[in-house]
Amino acid sequence: MSPSSLAYWQPEAECLDREELEQLQLERLQATLSRVSRNVPFYRKRFTEAGLDPDELRSADDLRRLPFTTKADLRQAYPYGLFAVPLREVVRLHASGGTGSAAIVMGYTRNDLKTWANLMARLLVASGLTKDDVVQITFDYGLFTGAFGVHQGAERLGAAVIPTSSGNTKRQIKIMQDYKATALVSTPSYALHLVDALVEAGVNASALSLRRALLGGEPWSEEMRRRIEDHLHVTATDNYSLSEVMGPGIAGECLERAGLHVAEDHFLVEIVHPGTLEPVPAGEPGELVVTTLTKEAFPLVRYRTRDLTSLVQEPCPCGRTSVRLRRIAARSDDMLIVKSVNVFPSQVEAVLREVLRAEPLFQIVIGRRRALDEATVLVAVSQATFFDEMKRQSELRDLLERRLASELGVSFEVKLVERHTLETAADRRRVVDLRKL
Amino acid sequence: MLRVRNLDVAYGSVTVLRRVSLHVREGEVVAIIGANGAGKTTLLKAITGLVRARGGEIALRGREVVRLRTEETVALGCSLVPEGRQVFASLTVRDNLLLGAHVQYRRGRRREVAEDLERVYRLFPVLSERERQLAGLLSGGEQQMLATGRALMARPALLMLDEPSMGLAPLVVKDILEVVASIARQGSTVLLVEQNARAALGVAQRGYVLETGRVVLEGTSADLLANRDVQRAYLGREIDRDAEALPA
């Protein structure tokens, strides 16, 4: 450890005795319920409809009597319907889920931003970063929460932030070399893409200053972690980010890399069976449900994340006392079974993102011909690519099909379409399953 | 030190506290802020056993006290400085202080009582100067000091102060709260109930905001001071741009 390295960012909170933590969670949960039932008509109505008096909540276990909040609820509240404070108290707005009224808008008060920065700083420290690190953030600095979330945390820690934002890999590599970046913040698929791009550019990764990679934003495997660590010469840690809940900082790995520590003093997590929505036995896998305990502007009660995971209750050797999430494997809402193989649109997305080196626009269509599943991915490409030589088009298609087959273990037919075909299609769902018709 | 869970208190059919939960760690100063009638005083009375809780748990130093009588909670180290001082007007300052030591006397700790008296005089030099005066002749601020000193004479593990700033001039409030801060620095644990949120959060590390009998916010003093609801309701601050001037 270098002299400036820290074991914890907020030891009094991260290593809080479980009994004290549970007391604090109860206090904050009760205060949150008092606030939302007073300030957010949506929750007040929900509680009344369910015949529940939030004043009757006497333990965290009672939480399971409260109704869930879903992504559809959040969409319906577009843009500010679920805010618990007047807009004038909001100092930052982010959004997820595209533009237009399908988007979900998140607000943050000054205190929310302060909490967020501290929670992110906890994860950076847990990943081995110090104030001496130079952090290159390759997330998109738009309405998304990823870049800003990590950015604030790194500044709070006192590290030097390079806000390169996404794209232009050549420039990313040049900056990484010249600015001597020591920590990479990216999606796992972009980290892999960097591995290839470094080879292409003839840059020896061991000559870089990189030593840490904080990866998140999509599910990734231990195999991907090994490839990234071997080729970039970094220690890679996973972190869990969900914009609706806050952004990055909710949970992340420590250097033990045996589960993601949840900031339980700010978020109460439950695992429920995605079908019955009943709590699963301790340690069993299910859908992650999150209740915010301190958020002022955009509190959430029992938000169904659709992310599948399980909880590790055993104490971690690192000394943090929080429960840990096993690495997110998949999402519950969109798992497909194609030719008896489980396929997640997020996996398709990751492959497309890696090959296309951009945020992909795509649609998966599953049909059935003579009792056999047929899987097709419509992939939007730019007009330039679309009207390019047939040869290059078919090369791209073949590459995508090969990569999808090797990553997913099931073959997909790839059809390249023009962007606006998908943007203007009548059915714009990411997955169209014709088998159910 | 103190852990309260789901405390319900009602006066007849009127519910005053609804499932209030809070905690105070050893050596901590915690403020309860809220408007008149929010249930702050009732909360302190319930902790000391002066009013009966309808439900919930109160643990003082790990011991359940919700069913105990006031004498018993005092013996466990819980001392309340009530709102409006309530000193014995016809007794001298010194006798008022010695009355606060009755728990100590009962345990035969005469020497400790003498030491404690010295300590209180060091904290509040004005009480030493007026040792022989009748308490009823003291100013409001001095009476508050006397009431606080009297509570300290019991060597409380947890000192609870109900509206110590009530009816006092701002400068006197500052003096009193400085003493509270110094008591805390010497290792006492303090639960402070105040309408004067700015003053209370100035000495406390954490606070709870009580509204119509419910806790609606918990947080560090800095976070509460930066919360716009708290600013508007308890700091008399209009919505304006001066939030930047607050400590982050």
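A short reminder: the numbers here are calculations on the coordinates, not readings from a lab. Just so you know, these numbers come straight off a predicted model, no measurement behind them. All Cβ positions, glycine included, derive from the backbone under ideal geometry; neighbour counts span all protein chains shown.
About the Cα centre, and with charges only on the beta carbon of Lys, Arg (+1) and Asp, Glu (-1), how big is the dipole of segment A:336-436? Nearest 20 debye, please.
Details: 18 positive and 16 negative charges, 71 e Å.
Value, rounded to 20: 340 debye.
Go ahead and collect, in residue order, the members of segment B:206-222 whose backbone nitrogen is under 17 Å from a label point 7 Å along the Cα-Cβ direction of B:ARG232.
Residues B:209-212, B:216-217 qualify, since their backbone N sits under 17 Å from the label point.
Work out, step by step, the length gained on full extension between A:ALA425 and A:HIS233: first 0.36 nm times the residue separation, then minus their alpha carbon distance; give nm to one decimal.
Details: separation 192, 0.36 × 192 = 69.12 nm, distance 4.41 nm.
Here the answer is 64.7 nm.
Going by a ≥ b ≥ c, the root eigenvalues of the Cα gyration tensor, does segment A:63-166 fall in the rounded group (a/c under 1.5), the prolate group (a/b larger than b/c) or the oblate group? Mind showing how you got there, number by number?
Working: a/c = 2.14, a/b = 1.75, b/c = 1.22.
Taking the square roots of the gyration eigenvalues as a ≥ b ≥ c, segment A:63-166 is prolate.
Share of Cα-Cα pairs in segment A:222-272 beyond 16 Å, in percent? List each step's numbers first, then the result.
On the way: 634 of 1275 pairs.
Beyond 16 Å sits 50 percent of the P(r) for segment A:222-272.
Using helices alone, I'd like the mean residue ellipticity at 222 nm for chain A: each DSSP H run of four-plus residues gives -39500 (n - 2.57), total over residue count, nearest 500. It would help to have the intermediate numbers written out before the result.
Details: 13 runs with 144 residues, N = 437.
Computed ellipticity for chain A at 222 nm equals -10000 deg cm²/dmol.
For segment A:29-102, with the dipole built from +1 on Lys and Arg beta-carbon atoms and -1 on Asp and Glu ones, taken about the Cα centre, which of A:LEU66, A:VAL40, A:LEU29 lies farthest toward the positive end?
A:VAL40
Please quote Rg/Rh for segment A:336-436 to two decimal places, taking the Kirkwood radius as Rh and restricting both calculations to Cα atoms. If you can, show how the numbers build up before the last one.
Numbers: Rg = 13.2 Å, Rh = 13.9 Å.
In segment A:336-436, Rg relative to Rh is 0.95.
So which trypsin sites (Lys or Arg not before Pro) in segment A:364-394 are both in a DSSP loop and have at most 13 other Cβ atoms within 10 Å of their Cβ? Present the calculation step by step, with values, prior to reporting the outcome.
Numbers: sites: A:ARG368, A:ARG369, A:ARG370, A:LYS391, A:ARG392; in loops: A:ARG370.
Loop-located and lightly packed - A:ARG370.
How large is ³J(HN,Hα), in whole Hz, for each residue of segment A:305-321 in order, when computed from phi with the Karplus curve 6.51 cos²θ - 1.76 cosθ + 1.60 and θ = phi - 60°, using x for Gly and Pro?
7, 6, 8, 9, 7, 8, 9, 9, 8, 4, x, 8, x, 6, x, 6, 9
Can you pull the three principal axis extents for the Cα set of chain B, in Å, largest first?
52, 40, 31
How much length is gained if the chain between A:GLN313 and A:GLU418 is pulled fully straight, taking 0.36 nm per residue apart and subtracting their Cα-Cα distance, in nm to one decimal?
Values: separation 105, 0.36 × 105 = 37.80 nm, distance 4.86 nm.
Taking 0.36 nm per residue and subtracting the Cα distance, the gain is 32.9 nm.
Is there a pair in A:LYS295/B:LYS174; A:LYS45/A:LYS71; A:LYS295/B:LYS40 whose C-alpha atoms are over 21 Å apart, and which pairs would that be?
Values: A:LYS295/B:LYS174 32 Å; A:LYS45/A:LYS71 17 Å; A:LYS295/B:LYS40 24 Å.
Among A:LYS295/B:LYS174; A:LYS45/A:LYS71; A:LYS295/B:LYS40, the Cα-Cα distance tops 21 Å for A:LYS295/B:LYS174; A:LYS295/B:LYS40.
What does the helix-only formula give at 222 nm for chain B: each DSSP H stretch with n ≥ 4 adding -39500 (n - 2.57), the total divided by the residues, and the result rounded to the nearest 500 deg cm²/dmol? Don't skip to the answer; put the middle values down first.
Values: 11 runs with 95 residues, N = 248.
-10500 deg cm²/dmol, from helical runs alone.
Relative contact order (percent) for segment A:208-329, with alpha-carbon contacts under 8 angstrom and 6 or more residues of separation?
Working: 240 pairs, mean separation 25.3, N = 122.
Once divided by the residue count of segment A:208-329, the mean separation gives 21 percent.
Rounded to two decimals, what ratio of Rg to Rh does the protein assembly as shown give with C-alpha atoms and a Kirkwood Rh? Provide the component values of the computation, followed by the final result.
Working: Rg = 30.0 Å, Rh = 28.2 Å.
Taking Rh as the inverse mean 1/r over Cα pairs, Rg/Rh reads 1.06.
In whole Hz, what ³J(HN,Hα) sequence does segment B:8-19 give by Karplus (6.51, -1.76, 1.60; θ = phi - 60°), x for Gly and Pro?
Here the 3J(HN,Hα) series is 10, 9, 9, 9, x, 8, 9, 6, 9, 10, 10, 5 Hz.
Quick one: compute the contact order of segment A:331-437, relative version, from alpha carbon pairs under 8 angstrom and 6+ residues apart, as a percent. Walk me through the numbers before you get to the answer.
Values: 150 pairs, mean separation 34.8, N = 107.
Across segment A:331-437, relative contact order equals 32 percent.
How high is the relative contact order of segment B:2-245, given as a whole-number percent (alpha carbon pairs under 8 Å, six or more residues apart)? Working shown, then result.
Details: 473 pairs, mean separation 65.2, N = 244.
Computed over segment B:2-245, the figure is 27 percent.
Would you mind computing Rg(Cα) / (2.2 N^0.38 Å) for segment A:218-315, counting N as its residues? List each step's numbers first, then the result.
Numbers: Rg = 14.7 Å, N = 98, 2.2 N^0.38 = 12.6 Å.
Here the answer is 1.17, to two decimals.
How far, in degrees from 0 to 90, does helix B:140-152 lean away from the longest principal axis of the Cα atoms of chain B, to the nearest 10?
Roughly 80 degrees, rounded to the nearest 10.
Helix B:110-123 versus the longest principal axis of chain B: what angle, 0 to 90°, nearest 10, using Cα atoms?
50 degrees
Would you order B:ILE32, B:ILE183 from fewest to most other beta-carbon atoms within 10 Å of each residue's own beta-carbon?
Values: B:ILE32 27, B:ILE183 22.
So the residues, fewest neighbours to most, are B:ILE183, B:ILE32.
If the reach is capped at under 13 angstrom between alpha carbons, list the aspartates and glutamates near A:LYS170, excluding any in the same chain fewer than eight residues apart.
A:ASP178, A:ASP196, A:GLU200
Fewest first, what order do A:HIS231, A:HIS266, A:HIS420 take by the number of other Cβ atoms within 10 Å? Please list the in-between numbers first.
Values: A:HIS231 17, A:HIS266 22, A:HIS420 11.
Sorted ascending by nearby Cβ count, the order is A:HIS420, A:HIS231, A:HIS266.
In chain B, which longest range has no trypsin sites (Lys or Arg not before Pro) that are both DSSP loop (not H, G, I, E or B) and surrounded by at most 10 other Cβ atoms within 10 Å?
Details: sites that count: B:ARG67, B:ARG132, B:ARG241.
With a cap of 10 other Cβ atoms within 10 Å, the longest stretch comes to B:133-240.
Out of every Cα pair in segment A:35-95, what percent are spaced more than 13 Å from each other? Please report the intermediate quantities before stating the final value.
Numbers: 1235 of 1830 pairs.
Counting every Cα pair in segment A:35-95, those more than 13 Å apart make up 67 percent.
If the only charges are +1 at each Lys and Arg Cβ and -1 at each Asp and Glu Cβ, what is the size of the charge dipole of chain B around the Cα centre, to the nearest 20 debye? Walk me through the numbers on the way to the answer.
Details: 35 positive and 29 negative charges, 175 e Å.
The dipole of chain B has a size of about 840 debye.
May I ask what percent, to the nearest 5, of DSSP beta bridges between residues of chain A are antiparallel?
Numbers: 41 of 66 bridges.
Once the DSSP bridges in chain A are tallied, antiparallel ones form about 60 percent.
Magnitude of the Cβ-charge dipole of the protein assembly as shown, K/R +1 and D/E -1, about the Cα centre, nearest 20 debye?
840 debye
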